[in-house]
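Heads up: the structure comes next, in structure tokens.
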Amino acid sequence: MNYSAQEVIQYVGEEDVKFIRLAFCDVYGKQKNISIMPGELPRAFEYGIAVDASSIEGFGDETHSDLLLHPDPATLAVLPWRPEHGRVVRMFCSITRPGGAIFECDTRSILKRAIDDAKAIGVEFFFGSELEFYLFKLDENGKPTKEPYDDAGYMDIAPDDKGENIRREICLNLEQMGIRPESSHHEKGPGQNEIDFRFANPLTAADDAMAFQTVVKTFAYRNGLWADFSPKPLPGKPGNGFHINMSVKNDANHILLPYMIAGILAYIQDFTVFLNPLERSYERFGSNKAPKYISWSSENRSQLIRIPAATGEYRRAELRSPDPATNPYLAYALLIYAGLDGIQNKLDLPPVSDVNLYTADERTLKQYRMLPASLAEAKAAALKSKFIAKHLPEPIIDIYCK
């Protein structure tokens with residue numbers, strides 16, 4: 001909505017807003033928030049609101065526990081499921097230390113720096129997400145089970161697809177928040193769903209991915225269900241992916257997509273731990289349309305990166321390895337830096353892989369590098385990577401890898 005701080009204060013006064021949620025996330029991408037009253041807004045914009053960082057995973061200990069949240073007025077959104085009288089709004093925040101320095105583990109600020117670094121050489125990136133999740137039933141005590149809400153399959157319809165109305169509620173509420181879903185459907189797994197988003201600038205796309213998980217969990221619970229975004233909720237069934245659609249342009253509209261893809265393929269082993277940060281993340285790889293090898297192709301869903309059938313502004317590359325456990329701010333920042341390396345060094349794409357890597361023979365598969373096969377392998381790759389050391393602060397590397 002691109003409000004200014006003064007416009008937010010005016011909006012809150014005129015629209016019967018009683019609570020302002022200041023949202024941020026920990027280093028793993030788990031959303032947090034603190035609610036303030038309208039009278040605190042001027043202080044929040046001028047000085048920031050203090051929080052106890054020692055209680056947030058990855059943010060430090062009791063010795064230096066104060067951090068300040070600074071709301072970004074451009075991210076103002078009404079939470080439409082909250083009461084109309086005494087409304088609740090939300091803004092995402094940057095995080096600083098009391099002296100004003102950006103907190104090194106503020107991943108949203110890391111993404112902002114990556115965007116600025118790209119703009120400094122005249123390059124602009126765009127991202128769109130495709131997020132999958134399972135809907136599970138709750139038990140008599142309101143605790144989540146592993147019993148899927150339905151037994152429908154890929155793109156099935158009601159009555160087999162019981163999630164249709166829930167996805168509708170989610171999409172309508174996202175629209176009211178200024179977030180633009182493109183499509184939604186039942187996925188391959190029992191009780192599994194997917195909602196896709198229109199591309200946006202990286203910061204908006206990451207904010208939207210954060211907000212999306214909150215909205216999905218809210219409406220699942222309101223319908224007596226549990227939304228599970230974990231990488232592999234059910235053994236032997238499809239895992240949840242977080243497919244990232246990427247495009248890039250410069251001031252001269254030169255074709256930069258091949259260089260961007262080449263950069264990502266060159267460094268993907270180094271930053272897989274940040275795209276797939278859990279042990280179970282690696283159980284997805286190599287089956288049910290989740291990649292295992294470092295490769296690319298047009299349309300082919302057995303590849304790590306595919307180029308979907310599209311033209312003009314919709315021409316993009318789709319990265320298929322991340323899962324919803326990723327922190328989208330870190331993921332997008334690392335993709336920008338890898339893409340920039342490919343662009344600045346004019347890296348060549350490896351040969352296209354027009355084969356089905358799920359059914360290919362051993363001789364064919366030996367031609368390809370593999371994604372890390374375990375969390376331990378992914379951590380080791382990141383720890384020895386000059387690329388990671390250059391672009392991420394040491395505390396975040398330590399938290400993820402040590």
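The values are calculated or read from the model by the stated rules, or taken from the named source; none is laboratory data. It should be emphasised that the depicted structure is a prediction, and the values quoted were computed from it without experimental measurement. Because the Cβ atoms are built from the backbone with ideal geometry, glycine has one as well, and the counts that use them run over all protein chains shown. With ligands, DNA and RNA removed, areas are computed over all heavy atoms of the protein, side chains included. Shrake-Rupley method; radii C 1.70, N 1.55, O 1.52, S 1.80 Å.
Return the residues of segment 179-203 that are surrounded by 19 or more Cβ atoms within 10 Å (Cβ to Cβ) and outside any strand (DSSP E or B); say none if nothing qualifies.
Listed by number, the residues that qualify are ILE179, GLU187, GLY189, PRO190, GLY191, PHE199, PRO202, LEU203.
Exactly one of these conditions fails for ARG306: (1) buried (at least 16 other Cβ atoms within 10 Å of the Cβ); (2) under 30 Å from PHE24 (Cα atoms); (3) of a type in the set (D, E, K, R). Give me its number.
Failing condition for ARG306: (2).
Output the residues belonging to segment 3-43 that are touching an Asp or Glu at 6+ places or on another chain (Cβ under 9 Å) and in a helix (DSSP H, G or I).
Matches in segment 3-43: ALA5 only.
So, ALA252, is that one assigned to a loop (DSSP other than H, G, I, E, B), over 18 Å from the mean Cα position of the chain (by Cα) and of a type outside the set (Lys, Arg) or not?
Here the answer is yes, as ALA252 does meet what is asked.
Please give the number of the condition PRO291 fails out of (1) part of a loop (DSSP other than H, G, I, E, B); (2) open to solvent by less than 60 Å² (accessible area, probe 1.4 Å); (3) more than 25 Å from ALA378 (Cβ to Cβ).
(3)
Listed here are the residues, each with its yes/no results for (1) out of contact with any helix residue (DSSP H, G or I) (no Cβ under 7 Å at 6 or more places or on another chain); (2) small (Gly, Ala, Ser); (3) open to solvent by less than 20 Å² (accessible area, probe 1.4 Å); (4) at pLDDT 95 or above.
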| position | (1), (2), (3), (4) |
| --- | --- |
| ARG113 | yes, no, no, yes |
| LYS146 | yes, no, no, yes |
| ALA152 | yes, yes, yes, yes |
| ARG167 | yes, no, yes, yes |
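From the set of residues in segment 44-67 that are among the hydrophobic types (A, V, I, L, M, F, W, C), more than 27 Å from LYS402 (Cα to Cα) and outside any helix (DSSP H, G or I), which is least open to solvent (accessible area, probe 1.4 Å)? Steps first, answer last, please.
So in segment 44-67, the residues among the hydrophobic types (A, V, I, L, M, F, W, C) come out as 44-45, 49-51, 53, 56, 59, 67.
Keeping just the survivors that are more than 27 Å from LYS402 (Cα to Cα) gives 44-45, 49-50.
Right, trim to outside any helix (DSSP H, G or I) and you get 49-50.
Details: ILE49: 9, ALA50: 59 Å².
Residue satisfying both the conditions and the ranking: ILE49.
When you go through ALA389, ALA360, ALA380, ALA373 one by one, which is the residue that is part of a loop (DSSP other than H, G, I, E, B), open to solvent by 20 Å² or more (accessible area, probe 1.4 Å), at pLDDT 95 or above and not hydroxyl-bearing (Ser, Thr, Tyr)? Walk me through how you get there before you give the answer.
Numbers: ALA389 fails: part of a loop (DSSP other than H, G, I, E, B); ALA360 fails: at pLDDT 95 or above; ALA380 fails: part of a loop (DSSP other than H, G, I, E, B).
Answer to the check: ALA373.
State all residues of segment 392-402 that are open to solvent by less than 20 Å² (accessible area, probe 1.4 Å) and either in a loop (DSSP other than H, G, I, E, B) or out of contact with any Leu (no Cβ under 8 Å at 6 or more places or on another chain) (or both); if no residue qualifies, say none.
Hits for segment 392-402 are LEU392, TYR400.
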